[in-house]
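Asker: First the structure, then my questions, so here it is.
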Amino acid sequence: MQRYFVTPAQFGQDKVSIDGEDARHIAKVMRGKAGDKLIVSDGVAREALAEIADIEIGLVTVNILEPLAMTHEARIQITVAQSLPKGDKLETVIQKCTEIGAVAFTPFLSERTIVHYDERKESKRLERWRKICKEAAEQAHRNIVPQVHSPLSWKQLLQSFNGYDAVYFCYEKEEGLQLRSAAAPWLASLPQEAAAKVMIVVGPEGGFSTEECRLAEEAGAVSVGLGPRILRCETAGMVAAACILYESGEMGGA
């Protein structure tokens, strides 16, 4: 069943108003009609099975039939911090990690970032990233739309580490501690059903420098490897997120 996210202000007691591209999608793509059922969510605390009551140009009104439990989110809240890669790779990271279960994305600039970052173009790129995130969340039947933050400098990223319960710095030269060895004991020690905030830090195409690894560890991150094979920058975040959720029991793990 198709799912649509609206703002809390659009989510009334008995009715929900769907506008913009979502309204056009219902009317033109889905060829919706009165009586058709769909799921609506405010992305925060309310979700419901609803029925189309009226379709106008740019506006669809639906009647709430019954509330639904918001049970599709993991207790381990993962933020993927990704150094800006070339081309549309970040779009892939956002789309796939949203499907996996990440709750936020933090692009950043690092020593070997190749992309020329232009603040004047930031708003348009950010708008596109957030649109991709919303569509992926709807497709994956998420209860929330993950946040996509504005890009940070390397210094700002390091300062953000203290807002997380654990930060894993994915470093291809880490030959000792692997992600599972670092994360599994900590996840097992968490009280049952307890929530935790985790950041996964992934570098650009050229990886991180030794100095960046040192600074990240000084800021509180744990440097980890992701196995004996070198992963592409757009693959590493997906693998790390899936591993952590598996070890937490989210995907039938430990």
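Asker: Take the residues in the range 196-213 that are assigned to a loop (DSSP other than H, G, I, E, B) and of a type outside the set (S, T, N, Q), then tell me which one is nearest to Asp165 (Cα to Cα). Don't jump to the end; show me each part of the working.
Answerer: The first filter runs over the range 196-213 and keeps only residues assigned to a loop (DSSP other than H, G, I, E, B), leaving 203-209.
Right, trim to of a type outside the set (S, T, N, Q) and you get 203-208.
Details: Gly203: 20, Pro204: 24, Glu205: 27, Gly206: 28, Gly207: 24, Phe208: 22 Å.
By that ranking, first place goes to Gly203.
Asker: Taking the residues in the range 29-49 that are touching an Asp or Glu at 6+ places or on another chain (Cβ under 9 Å) and in a strand (DSSP E or B) as candidates, determine which candidate is farthest from Ala9 (Cα to Cα).
Answerer: Initially, the range 29-49 is screened for residues touching an Asp or Glu at 6+ places or on another chain (Cβ under 9 Å), giving 30, 34-41, 48-49.
Now narrow it down to the ones that are in a strand (DSSP E or B): 37-41, 48-49.
Details: Lys37: 21, Leu38: 19, Ile39: 17, Val40: 13, Ser41: 11, Ala48: 15, Leu49: 18 Å.
Among residues in the range 29-49 that are touching an Asp or Glu at 6+ places or on another chain (Cβ under 9 Å) and in a strand (DSSP E or B), the one farthest from Ala9 (Cα to Cα) is Lys37.
Asker: So Ser223 fits all but one of (1) in a helix (DSSP H, G or I); (2) at pLDDT 95 or above; what number is the exception?
Answerer: (1)
Asker: Of everything in the range 172-195 that's under 30 Å from His72 (Cβ atoms) and assigned to a loop (DSSP other than H, G, I, E, B), which residue is most open to solvent (accessible area, probe 1.4 Å)? Full working, then the answer.
Answerer: Here is the first cut: in the range 172-195, the ones under 30 Å from His72 (Cβ atoms) are 178-195.
Next cut, assigned to a loop (DSSP other than H, G, I, E, B) only: 190-195.
Numbers: Leu190: 35, Pro191: 85, Gln192: 164, Glu193: 139, Ala194: 26, Ala195: 66 Å².
It comes out as Gln192.
Asker: Let me ask you something else. Does any residue in the range 183-205 that is acidic (Asp, Glu) come within less than 8 Å, Cβ to Cβ, of a residue that is open to solvent by less than 80 Å² (accessible area, probe 1.4 Å) six or more places away or on a different chain, and which pairs are these?
Answerer: Glu193/Arg75; Glu205/Pro85; Glu205/Cys233
Asker: Is one or more of the residues making up the range 42-54 free of Cβ contacts under 8 Å to residues at least 12 places away in the same chain and under 30 Å from Phe161 (Cα atoms)? Give the steps one after another, and end with the answer.
Answerer: Pass one, the range 42-54, residues free of Cβ contacts under 8 Å to residues at least 12 places away in the same chain: none.
No - not one qualifying residue is present in the range 42-54.
Asker: Among the residues of the range 72-110, which ones are assigned to a loop (DSSP other than H, G, I, E, B), closer than 22 Å to Gly207 by Cα and free of Cβ contacts under 8 Å to residues at least 60 places away in the same chain?
Answerer: Gly87, Asp88, Leu109 - these are the residues of the range 72-110 that are assigned to a loop (DSSP other than H, G, I, E, B), closer than 22 Å to Gly207 by Cα and free of Cβ contacts under 8 Å to residues at least 60 places away in the same chain.
Asker: Output the residues belonging to the range 85-110 that are surrounded by fewer than 22 Cβ atoms within 10 Å (Cβ to Cβ) and touching a Cys at 6+ places or on another chain (Cβ under 8 Å).
Answerer: Across the range 85-110, the qualifying residues are Lys89, Gln95.
Asker: Any idea how many residues of the range 1-18 are part of a strand (DSSP E or B) and in contact (Cβ under 8 Å) with a residue 60 or more places away in the chain?
Answerer: Quick first cut of the range 1-18, residues part of a strand (DSSP E or B) only: 3-5, 11, 15-18.
With in contact (Cβ under 8 Å) with a residue 60 or more places away in the chain added as a condition, the list becomes 3-5.
Residues flagged as part of a strand (DSSP E or B) and in contact (Cβ under 8 Å) with a residue 60 or more places away in the chain within the range 1-18 amount to 3.
Asker: Out of the residues in the range 230-254 meeting the condition of being small (Gly, Ala, Ser) and not in a helix (DSSP H, G or I), tell me which one is surrounded by the fewest Cβ atoms within 10 Å (Cβ to Cβ). Before you say what the answer is, go through the steps one by one.
Answerer: Let us first name the residues in the range 230-254 that are small (Gly, Ala, Ser), namely 236-237, 240-242, 248-249, 252-254.
Checking which are not in a helix (DSSP H, G or I) leaves us with 248-249, 252-254.
Details: Ser248: 23, Gly249: 15, Gly252: 6, Gly253: 15, Ala254: 10.
Only one residue fits best here, namely Gly252.
Asker: Here is a further query. From the set of residues in the range 111-150 that are in contact (Cβ under 8 Å) with a residue 60 or more places away in the chain, within 19 Å of Thr79 (Cβ to Cβ) and of a type in the set (D, E, K, R), which is surrounded by the fewest Cβ atoms within 10 Å (Cβ to Cβ)?
Answerer: This residue is Lys134.
Asker: So if I check each of Glu21, Glu66, which one is among the acidic types (Asp, Glu), in a helix (DSSP H, G or I) and open to solvent by 10 Å² or more (accessible area, probe 1.4 Å)?
Answerer: Exactly one of Glu21, Glu66 is among the acidic types (Asp, Glu), in a helix (DSSP H, G or I) and open to solvent by 10 Å² or more (accessible area, probe 1.4 Å), namely Glu21.
Asker: How many of the residues in the range 38-96 are of a type in the set (A, V, I, L, M, F, W, C), farther than 15 Å from Phe5 by Cα and under 17 Å from the mean Cα position of the chain (by Cα)?
Answerer: 9
Asker: Tell me which residues, restricted to the range 1-20, are farther than 12 Å from Ile52 by Cβ and of a type outside the set (Gly, Ala, Ser).
Answerer: If the condition is that a residue be farther than 12 Å from Ile52 by Cβ and of a type outside the set (Gly, Ala, Ser), then Met1, Arg3, Phe5, Val6, Thr7, Pro8, Gln10, Phe11, Gln13, Asp14, Asp19 are the ones that fit.
Asker: Restricting attention to the range 34-57, and to residues there that are in contact with a strand residue (DSSP E or B) (Cβ under 6 Å, 6 or more places away or on another chain), of a type in the set (Gly, Ala, Ser) and within 30 Å of Ala104 (Cβ to Cβ), which single residue is modelled with the lowest pLDDT?
Answerer: Result: Gly43.
The values are calculated or read from the model by the stated rules, or taken from the named source; none is laboratory data. This is a predicted model, so every value here is computed, not measured. Ideal geometry is used to build each Cβ from the backbone, glycine not excepted, and the neighbour counts take in all protein chains shown. When the accessible area is computed, the model is the full protein with side chains, heavy atoms only, and any ligands, DNA or RNA have been set aside. Shrake-Rupley method; radii C 1.70, N 1.55, O 1.52, S 1.80 Å.
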